[in-house]
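Visitor: Would you mind keeping the following structure in view while I ask a few things?
The values are calculated or read from the model by the stated rules, or taken from the named source; none is laboratory data. These numbers come from a predicted model, not from an experiment. These accessible areas exclude ligands, DNA and RNA; they are computed on the full protein's heavy atoms, side chains included. Shrake-Rupley method; radii C 1.70, N 1.55, O 1.52, S 1.80 Å.
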Amino acid sequence: MSQQSIESLLKESRVFPPDEEFATRAHVRSFEQYRELYDKSVQDPEGFWMDMARGFHWFSQPRDVLQWDPPDARWFVGGSTNITYNAVDRHAQSLRRNKAAILWEGEFGETRTLTYQQLHREVCLFANVLRKLGVRTGDRVAIYMGMVPEIAVAMLACARIGAVHTVIFGGFAADALRDRVNDAKASIVVTCDGAYRRGQVIPLKSIVDKAVAQCPSVRHVVVYKRTAEPVSMEPGRDHYWHEVVQAVNASSAPLPVDSEQPLFILYTSGTTGKPKGVVHTTGGYMVATAITHKYIFDLHENDTYFCTADVGWITGHSYVVYGPLLNGATVVMYEGAPDYPDRGRLWSICERWGVTIFYTAPTAIRAFMRWGEQWPMKHDLSGLRLLGTVGEPINPEAWMWYQRVIGNGRCPIVDTWWQTETGAVMISPLPGAIPTKPGSVTVPFFGVVPDVVRKDGTSCAPNEGGYLVLKRPWPSMLRTVYGDHDRYVNQYWAEIGGSEGGIYFTGDGARRDEDGYFWIMGRVDDVVNVAGHRLGTAEIESALVAHRAVAEAAVVGRPDEMKGQALCAFVTLRPGNQATPQLKQDLAEQVAKEIGRFARPDVIRFADALPKTRSGKIMRRLLKEIASNGQVTGDTTTLEDLSVVARLTAEPEE
Ligand code: WT7
């Protein structure tokens, strides 16, 4: 949290009250109404959440709303449900049965529509396939696919039979896939032959083959045919989706599961090299994703909702699949790149499908800005009525552009703060009720009690930068880190106020202004946010150090106009290795091979030593400064050898 970023945000003083016409038909129509509901939600959380839970089908009703034994929570205790019954069956049995659940568009322009009734059938079929392949309640199923409707079908099929899905983003390389499958001990991998990206084929199945060769838990691989490129199929282990669904029937009763039954594991980066398997459970996640989606996106029956996130990240889980389907919404799902075949692709999708609600990330908005207004101008975007953003702080300039060019000055913007761990949005405007300020995520959602605190846990004064914490448990909170409950306790709950204090540390810096509005200032730990992807620097460092030429590596983030943050790697070499441009390329390739292309450092700098404390800890703070400004102004008194920094700052980066 630099003074500079605090100051730049403080300069923003524009306020946009909710549009009156929008407010008249919104679910929450005024700040007073928000205030009333919010106050009830924090004064009587049990009453509030029980009311919310009544909107869902429970095979047996919850006895209690919350059992809170910090930092362990159980929500809707004793309730049993099935999230797919609520997300699919309910609608397939109602007037919505022929309503589009998923409007899909492939990169080449082909389209598919899955109504709720059709989705129901697909989910039942695949649930029966999983059963037939021996998947039992609680088993983990890894899903490594492109953006085809079947990725949602596979997730829902798992949930239907009480299996735990772990979706691994299709951009991950074989080693990263292997590590995640092994950590989860998945018995099945569901994949595609390949995925299309900018007209190229990403050979998902052959990446799976490489990974699974080192995954002893995997018994079967199911392959959805998307590209029809030849792939190798191992008899007995590998099965084509279209063949196995032929061999089962389409009736499958949803299994009633306990509210606390794990629904999924989603891996995210942390401050160590080992990815964290964030565990979400059923009942609380169901209620929270659905109601946040309804209120924050002000969803109505005839909306067409388009979220550009990949299903492989939490945004795709909560706001492409679960939240919208639980609400019986129509979701647009796009397979490919936003600039394929041209930079107007997303606007063309919005126009042709009649999108009314559009949700994307600041990094994408900055790319749209750079590409120029001519692209959105070519399309009729008058159907849009609400815009959303998520993933990193949005600079006021990008916010204003989004509002003016995409929203034509008419659409409210919801800047939604949340995390993989929170499962659902925690801080965001409600579009008919909350005046917005460009760059601020505004006020907490119902039941959420955030604060900005100092290291000792005391609350900061208005506009004083500090740590963003959540002071109450919430229904969609993570329950553990898979296989490592200590990490859950230490990482999130012990940092501020001790592990039994019940204060959740987000890892973000923030400030709250004089109106109580929250302004997020980015991560305060060794996690960087590159183009909306959260990356642990330790993970990239360990990929670099795995190269035979590398002795030591330190990776830091620095501000980047397009990507939010860029990755800067400082590398020292083992004796006998030359610092060549070729080696830089090899190291970037090494990261691409071990983690994925999206994690390649933007800059690699060779150094003869890294700045360290006397106890041998790399001083990343100094490296961050060098990477950002080329010089060091911070405290260097604990530095072991000052000349290291002098050499790094003297040398310009190439
Ligand atoms: C981190 C979580 C939650 C979906 C996407 C990312 C940053 C997220 C905002 C926002 C400022 C934001 C935070 C957070 N972040 N939304 N609206 N304004 N920062 O999920 O990979 O779990 O990353 O993204 O730093 O901690 P994630």
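Visitor: Mind grabbing the accessible area of residue 83 for me, 1.4 Å probe, Å², rounded to tens?
Guide: Spelled out: residue 83, probe radius 1.4 Å, area about 0 Å².
Visitor: How big is the antiparallel share of DSSP beta bridges in region 144-225, given as a percent to the nearest 5? Walk me through the intermediate numbers first.
Guide: Working: 3 of 9 bridges.
Looking only at bridges with both residues in region 144-225, the antiparallel portion is about 35 percent.
Visitor: Could you derive backbone 3J(HN,Hα) for region 427-434 from the dihedral phi with the Karplus parameters 6.51, -1.76 and 1.60 (θ = phi - 60°), listing whole Hz in sequence and x where the residue is Gly or Pro?
Guide: 10, 5, x, 9, x, x, 10, 10
Visitor: Provide the per-residue ³J(HN,Hα) series for region 92-98, in order, calculated from phi with Karplus coefficients 6.51, -1.76, 1.60 and θ = phi - 60°, each as a whole number of Hz, with x at glycine and proline positions.
Guide: Per residue, the Karplus-derived 3J(HN,Hα) values read 5, 9, 10, 4, 7, 4, 9 Hz.
Visitor: Hey, can you find the accessible area per residue of the chain for me, probe 1.4 Å, expressed in square angstrom? Mind dumping the intermediate values first?
Guide: Details: 24640 Å² over 654 residues.
Value for the chain: 38 Å² per residue.
Visitor: Give me the percent of the accessible area of the chain that comes from carbon and sulfur atoms, probe 1.4 Å, all protein chains in place.
Guide: Values: 12110 of 24640 Å².
It is 49 percent, rounded to a whole number.
Visitor: Name the long-range amide H neighbours of residue 190: under 5 Å, sequence gap of 5 or more, or other chain; modelled H, no Pro or chain starts.
Guide: 142, 143, 144, 222
Visitor: Continuing with this model, one more query. Just the Kirkwood number for the chain, please: inverse of mean 1/r across all distinct Cα pairs, in Å, one decimal.
Guide: Values: mean 1/r = 0.0392 Å⁻¹.
Hydrodynamic radius (Kirkwood, Cα only) of the chain equals 25.5 Å.
Visitor: For region 222-266, what class follows from the C-alpha gyration tensor (a ≥ b ≥ c being the square roots of its eigenvalues): rounded when a/c is under 1.5, otherwise prolate if a/b is larger than b/c, else oblate? Walk me through the numbers before you get to the answer.
Guide: Details: a/c = 2.84, a/b = 1.79, b/c = 1.58.
Prolate, because a/c is 1.5 or more and a/b exceeds b/c.
Visitor: Then there's this: Skipping prolines and chain starts, which residues have an amide H placed within reach, meaning under 5 Å, of the one on residue 480, given they are 5 or more residues away or on another chain?
Guide: 279
Visitor: Share of antiparallel DSSP beta bridges in the chain, in percent to the nearest 5? Show your work: numbers first, answer last.
Guide: Numbers: 59 of 97 bridges.
Expressed as a percentage, antiparallel bridges in the chain total about 60.
Visitor: Can you tell me how much longer the chain between residue 228 and residue 598 gets when fully stretched, taken as 0.36 nm per residue apart minus their C-alpha distance, in nm with one decimal?
Guide: Gain on stretching residue 228 to residue 598: 130.7 nm.
Visitor: Based on alpha-carbon positions alone, could you give the equivalent ellipsoid semi-axes of region 531-650 from the gyration tensor, as √(5λ), descending, whole Å? Before the final figure, lay out each step's value.
Guide: Details: eigenvalues 97, 66, 30 Å².
Calculated on Cα positions only, the semi-axes equal 22, 18, 12 Å.
Visitor: Between rounded, prolate and oblate, where does region 329-375 land on the alpha carbon gyration tensor, with a ≥ b ≥ c its root eigenvalues, rounded for a/c under 1.5, else prolate if a/b exceeds b/c? All intermediate terms of the calculation are to be shown ahead of the outcome.
Guide: Working: a/c = 1.75, a/b = 1.50, b/c = 1.16.
Taking the square roots of the gyration eigenvalues as a ≥ b ≥ c, region 329-375 is prolate.
Visitor: So for region 531-650: antiparallel DSSP bridges make up what percent, rounded to the nearest 5?
Guide: Of the beta bridges lying entirely in region 531-650, close to 75 percent run antiparallel.
Visitor: What number, rounded to the nearest 500 deg cm²/dmol, is the helix-based mean residue ellipticity at 222 nm of the chain, given -39500 (n - 2.57) per DSSP H run of at least four residues and division by all its residues? Provide the component values of the computation, followed by the final result.
Guide: Details: 20 runs with 181 residues, N = 654.
Helices in the chain give a 222 nm mean residue ellipticity of -8000 deg cm²/dmol.
Visitor: Each residue of region 83-89 in turn: what ³J(HN,Hα) in whole Hz from Karplus with 6.51, -1.76, 1.60 and θ = phi - 60°, glycine and Pro shown as x?
Guide: Once θ is set to phi - 60°, the couplings for region 83-89 become 5, 6, 4, 6, 8, 10, 4 Hz.
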